[in-house]
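Laboratory data are not the source of any read-out in this text; all were calculated from the coordinates shown. Please read these numbers as outputs of a predicted model, since none were measured by experiment. Every residue, glycine as well, gets a Cβ built from its backbone with ideal geometry; the counts of neighbours run over all protein chains shown.
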Amino acid sequence: MSHDLMTPVQRFAAYGRGEAIDRLPCVPIVGNTAARIVGAKVSDFRGDGKLIADAQVAAYQRFGYDVIRIFTDLYTQAEAMGARVHYPDDETAYLAAPAIDSVEQIATLEPADPHKDGNLPVHLEAMSRAVDAVGKEVVVTGALTGPFTTASFLIGTETLVRLMLKNPAAVHQLCEIALQGAFDYAKAILDTGSTPSLTDAMCSTTVISPRQFREFGQPYLTRLVEFIHGHGRSVTLHICGKTRSIWEQMCETGADCLSIDNAADLGEAKAMVGHRVRLMGNVSPSETMLDGTPSQVREAVRECVRKAHDNPKGLIIASGCSLPVETPFANIDAMLDAVREIGWPVHIEHEMETAWKA
Amino acid sequence: MPANETELFQALSDAVVGMDEDRARELANEAVERGIDAYTTIERGLVDGMGRAGELFESEEYFIPELLLCSDAMYIGLDILRPHLKVEDANQRRFKVVIGVVEGDTHDIGKNLVRIMLEASGFDVIDLGRDIPAQRFVDTAISENADVIALSTLMTTTMDAMAEVVDKLDAANLRERFKVIVGGGPISPAFAKRIHADGYANSAPNAVKLVKQLAGVPA
């Protein structure tokens, strides 16, 4: 496979200015898969900022993608505010118990101190180290969970969604505390030289309605995006699952790039909001990246390129969500290779296309 | 208060759709006081209401929060009416489903919705909860003499735990005895086929259709 001619930083800068690039930006969203690059267990990442940085930098150098994302799971901020997280030996962590179980206890919560609480200092250390190692050539981002999603981990998702209808003031109180914590953590991420990358999984219309997103999700995201913009950084916003009916609202948060799950269609996103935001997506992480063959990955990349390469605000070829831990390296290579073959301006050879389908 | 049975059933159905727990409680008690048949009240009131809520969910007028509050109203009514079921109604053998979220995952809203919609469709459901080891699905299915094992996960990391349940059934020569169905965010029909599951559904209403199909009841 041909080698890249630009660094990720050069590529994004030129792409943003509308100048020539060597290929489209490409981000297979590597999270805990990075453990496999350095032969570590996923649970080894807990409490070890150096290992997280080493693994993420090694994964970036191994595959040559365009953004490093320091990420292990979505619970880091909620954990630092009292939620209990379970760490299996060699799999992604999951929420064991929310921080509180009643509305009365909301008043006992305090925004986390990013330099003291939970694993936040560890993640900040990982960001600093990654920036020191390769920050000149590639953007390092730090995963920042949105206030509504963090609120769901603080009180429990079912409790939170019931409260939206029964006691909206309590939900706002909780989101406000989560937002204050997110401001502090975002500031700390920016101080490492990294860029916060926003995920608000529970805002998906797979879970809540567009009207509920407008009331409980969007206002807090908007304030967070404004805050990050105030520090001169652009913002990518990812919401999992179905999002079609909230794309306009996601744009209204001011986000510069929307990362679209494979449950949504890139072509539709381009038609609806492509003149306002860059799009990122959306090869299926499980069906294609984990379970598919390299040729299926290539075809999925081609499909994304066909649908949205002419997006007015640009396209980043990516997985629809974070990759499963055991995603085969060959499939990640295939994603990058397909993007390199397609090149820029994009060129999809017809006979290759039919060959892949056959 | 409603003038007759038909009006009461309609009002109870409306209370479920309207997420009105107090009204559901009041009407269920009223049905008991008037000596209206509990089974019919459940079917034509509560179950009808939950069915309508499910339709609103499918057409994206209702989302998960609304569906949960509808089910809260339904369960309040059920708790009041169930003790008044005739013995033959209470004891009739119903198609039985053991359901849970597989080990390594605690996302259970999807599973809860499936449980709610199955119960509202008259199935007997044993809900094991979340983060459940494969062996417990097998043991419970045997001890409860269940017909279906329903497995849920939202995480790609825990999909393999679904295959483990099927493998354990195979190893114990029990594969033919139970139907295994799977669902959840990262699950696809292809995955279901690969692990030799008997069915896949992408939503709670479709899970009900699938179980009805397996039970041989008209949808």
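Here are a few things to note about the model shown:
- GNM top mover of B:ARG194, B:ARG23, B:ARG175 - chain B, alpha-carbon springs below 10 Å: B:ARG194
- Shielding of peptide B:60-72 by partners, expressed as the average count of other chain Cβ atoms within 10 Å per residue Cβ, is 5.
- Ranked packing of A:56-69, A:141-154, most packed first, by mean Cβ within 10 Å: A:141-154, A:56-69
- Normalised by 2.2 N^0.38 Å, with N the number of residues, the alpha-carbon radius of gyration of segment A:8-357 equals 0.95.
- More than 17 Å apart - percent of Cα-Cα pairs taken over segment B:5-90: 39
- All-pairs Cα distance distribution in segment B:66-219, expressed in whole percent, bin size 10 Å: 11, 42, 35, 11, 1
- The count of lysine pairs in chain A that are at least 8 places apart or cross chains, and whose C-alpha atoms lie under 23 Å apart, stands at 12.
- What the phi angles of segment B:70-77 give under the Karplus curve with 6.51, -1.76 and 1.60, with θ = phi - 60°, is a coupling list of 4, 5, 4, 5, 4, 5, 4, x Hz, glycine and proline written as x.
- Across peptide A:205-211, the average count of Cβ atoms from other chains found within 10 Å of a residue's Cβ is 4.
- Segment A:88-170: mean projected area of Cα convex hull, nm²: 7.6
- Residue exposure sequence - B:SER13, A:SER259 - by fewest surrounding Cβ within 10 Å: B:SER13, A:SER259
- Phi-based couplings in Hz for segment A:175-188 (Karplus 6.51, -1.76, 1.60; Gly and Pro marked x): 5, 5, 5, 4, 5, 4, x, 5, 4, 4, 6, 4, 4, 5
- Springs join every pair of Cα atoms under 10 Å in this Gaussian network model of chain A, and among A:ALA271, A:ALA334, A:ALA93 the largest mean-square fluctuation is at A:ALA271.
- Phi-based couplings in Hz for segment A:116-130 (Karplus 6.51, -1.76, 1.60; Gly and Pro marked x): 10, 8, x, 9, 4, x, 5, 5, 5, 4, 4, 4, 4, 5, 5
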